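Have a look at the structure below before the remarks.
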Amino acid sequence: MTTAAGGAERPLVWLPFDPADLGAGLPDGVEATEVEPGRMPDAEGFDRVRFFVPDYEGGFDMAKTLARMTSLQVVQTQTAGVDNVAPHLPDGVTLCNARGVHDASTAELAVGLLLATLRGFPDFVRAQDEGRWAYGHRRSLADSTVIIVGAGSIATALRNRLLPFEVEVLRVGTRSREDDAGVVHGRDELPDLLPTADAVVLLVPLTDATHHLVDAPFLSRMRDGAVLVNVARGPIVDTDALLAETTSGRLLAAVDVTDPEPLPPDHPLWHSPGVLISPHVGGATSAMLPRVHELLREQLTRFAAGAPLANVVVDAHAV
């Protein structure tokens, strides 16, 4: 057991990486230990963990793990979404997400998927495999209207990357308002906005309200030839409804997330015309760890000092 200078036990922090990776930013007031998912069941200190950072890729039973942490005070995810943690969060535990960590990489991927779909990159790759010169006329992102369903930090990062492409960007949040980036339309305006868009990008968390938000009526309101880009969560889209629209050739889609996920090898979405699929890699880039480390240095400093934490999703102290 490690104690602080005054004799009190230091709070135990479990990290999915070497605490040395945080450099000089690790405060003296905590004891940090690396615990990999594969050896977590046999790790010592479950009853002492107060601050837990789950591994980005999972690999463990979240419900059983959190239930064993009887002294737990904070769960800090490395993801923006917390749908895999929130249902299993014990009472009295604060949950924080990684808002800001994946803004750059997820926005980059959304732009890449949209460009690749409009300009036909998958067709170019297939033609190259065959040694075939596949010249043709393609659509441009320029002069398009793009709706971003979501108004968080990733949506803002995406908006900032899209504007130099000479597009009109419309953001849609849960309610209409204005922020530093301009007008945010309310979700109740979506039915009227959808027919105006050349592309719709999904960037909302998975909740009861957003489960199958993109259903058959939603898709039917999108104009012919429009592109649906999903870099949020798979169940936000009704897969059967999307499959019907892409199989007919009326809509195009580029998805980094699917339902089910991973997508089974024999799933028809793999072969549906105009569908581009990436394997949930929105945040899995070289940009992630430096930003995760920066966030954790700040959060652990706050935690050790008893100061309010950032990015709080569930506040254990809320009345």
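The values are calculated or read from the model by the stated rules, or taken from the named source; none is laboratory data. For clarity, every value in this text was computed on a predicted model and none was experimentally measured. Ideal geometry is used to build each Cβ from the backbone, glycine not excepted, and the neighbour counts take in all protein chains shown.
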Name, by its number, the condition in (1) assigned to a helix (DSSP H, G or I); (2) over 16 Å from the mean Cα position of the chain (by Cα); (3) in contact (Cβ under 8 Å) with a residue 12 or more places away in the chain; (4) under 26 Å from LEU193 (Cα atoms) that does not hold for PRO273. (1)
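Can you pull out the residues in region 187-235 that are assigned to a strand (DSSP E or B) and of a type in the set (Gly, Ala, Ser)? Outline the logic, then answer.
Quick first cut of region 187-235, residues assigned to a strand (DSSP E or B) only: 199-202, 214, 227-230.
Selection gives ALA199 alone.
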Exactly one of these conditions fails for PHE46: (1) assigned to a strand (DSSP E or B); (2) over 24 Å from the mean Cα position of the chain (by Cα). Give me its number. (1)
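Is it true that some residue in region 76-83 is farther than 27 Å from GLY152 by Cβ, assigned to a loop (DSSP other than H, G, I, E, B) and at pLDDT 95 or above? Walk me through how you get there before you give the answer.
As a first pass, look at region 76-83 and keep what is farther than 27 Å from GLY152 by Cβ: none.
No.
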Quick check on LEU309: is it assigned by TED's automatic domain parsing to the domain that holds GLY81, in a loop (DSSP other than H, G, I, E, B), at pLDDT 95 or above and buried (at least 16 other Cβ atoms within 10 Å of the Cβ)? yes
Run PRO164 past the list (1) in contact with a Lys or Arg (Cβ under 6 Å, 6 or more places away or on another chain); (2) closer than 25 Å to GLY100 by Cβ; (3) not in a loop (DSSP other than H, G, I, E, B) and report the number of the one that doesn't hold. (1)
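Using the structure shown, decide if VAL184 is outside the structural domain of ALA80 (by TED's automatic domain parsing), farther than 20 Å from ARG250 by Cα, in contact with a Ser or Thr (Cβ under 7 Å, 6 or more places away or on another chain) and not in a strand (DSSP E or B). Step through it out loud before you land on a result.
Working: outside the structural domain of ALA80 (by TED's automatic domain parsing): yes; farther than 20 Å from ARG250 by Cα: yes; in contact with a Ser or Thr (Cβ under 7 Å, 6 or more places away or on another chain): yes; not in a strand (DSSP E or B): no.
For VAL184, the condition - outside the structural domain of ALA80 (by TED's automatic domain parsing), farther than 20 Å from ARG250 by Cα, in contact with a Ser or Thr (Cβ under 7 Å, 6 or more places away or on another chain) and not in a strand (DSSP E or B) - is not met.
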